[in-house]
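Everything below concerns the one structure shown next.
The values are calculated or read from the model by the stated rules, or taken from the named source; none is laboratory data. The structure displayed is predicted, hence computed values, not measured ones. Here the Cβ positions follow ideal geometry from the backbone for every residue, glycine too, while neighbour counts run over all protein chains shown. For accessibility, only protein heavy atoms count, side chains too; no ligands or nucleic acids. Shrake-Rupley method; radii C 1.70, N 1.55, O 1.52, S 1.80 Å.
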Amino acid sequence: MREYAQSGFIPANAFYGRSAVNDVIIPAEINEIGKFAFARSDIKSVVIEDGTTSIGYAAFYHCDSLKDVTIPETVTEIGSRAFEHTPWLEDWYTNGEEDYLIVG
């Protein structure tokens, strides 16, 4: 992730479909995660540090192993389908006790 720190942005499709992506920490220097940035990768967990403000459309779409997600209060925009088809979101659909999923 540090290679994107200077730009403050993880571009669209940066890690799309990669199997070598497991546990990810998005550093505070990253302001925005682009669309499909991690989609269909083997990511298992993601910790987004304070500083990120935007998660793009389908950024983690169909990450079939993604079970642990930490989203800080600094995130003010989450694109549609950002976490669709992930165990993390499916677990909330099945076991969530609230009407809304609130993150941050």
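Yes/no matrix, rows are residues, columns are (1) of a type in the set (D, E, K, R); (2) in contact with a strand residue (DSSP E or B) (Cβ under 7 Å, 6 or more places away or on another chain); (3) surrounded by fewer than 18 Cβ atoms within 10 Å (Cβ to Cβ):
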{"site": "62", "(1), (2), (3)": "no, no, yes"}
{"site": "68", "(1), (2), (3)": "yes, yes, yes"}
{"site": "90", "(1), (2), (3)": "yes, no, yes"}
{"site": "97", "(1), (2), (3)": "yes, no, yes"}
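Against the numbered list (1) touching a residue at least 40 places away in the same chain (Cβ under 8 Å); (2) exposed (fewer than 14 other Cβ atoms within 10 Å of the Cβ), residue 17 comes up short only at (1). When the test is whether a residue is open to solvent by 30 Å² or more (accessible area, probe 1.4 Å) and free of Cβ contacts under 8 Å to residues at least 12 places away in the same chain, residue 32 does not pass it.
Within the stretch 7-29, work out how many residues are in contact with an Asp or Glu (Cβ under 8 Å, 6 or more places away or on another chain) and assigned to a loop (DSSP other than H, G, I, E, B).
Restricting attention to the stretch 7-29, the residues satisfying the condition of being in contact with an Asp or Glu (Cβ under 8 Å, 6 or more places away or on another chain) are 8-10, 18-22, 25-28.
Now drop any that are not assigned to a loop (DSSP other than H, G, I, E, B), which leaves 8, 18-22, 27-28.
Of the residues in the stretch 7-29, 8 are in contact with an Asp or Glu (Cβ under 8 Å, 6 or more places away or on another chain) and assigned to a loop (DSSP other than H, G, I, E, B).
The requirement of being outside any loop (DSSP other than H, G, I, E, B), of a type outside the set (Phe, Trp, Tyr) and under 18 Å from residue 85 (Cα atoms) is satisfied by residue 46.
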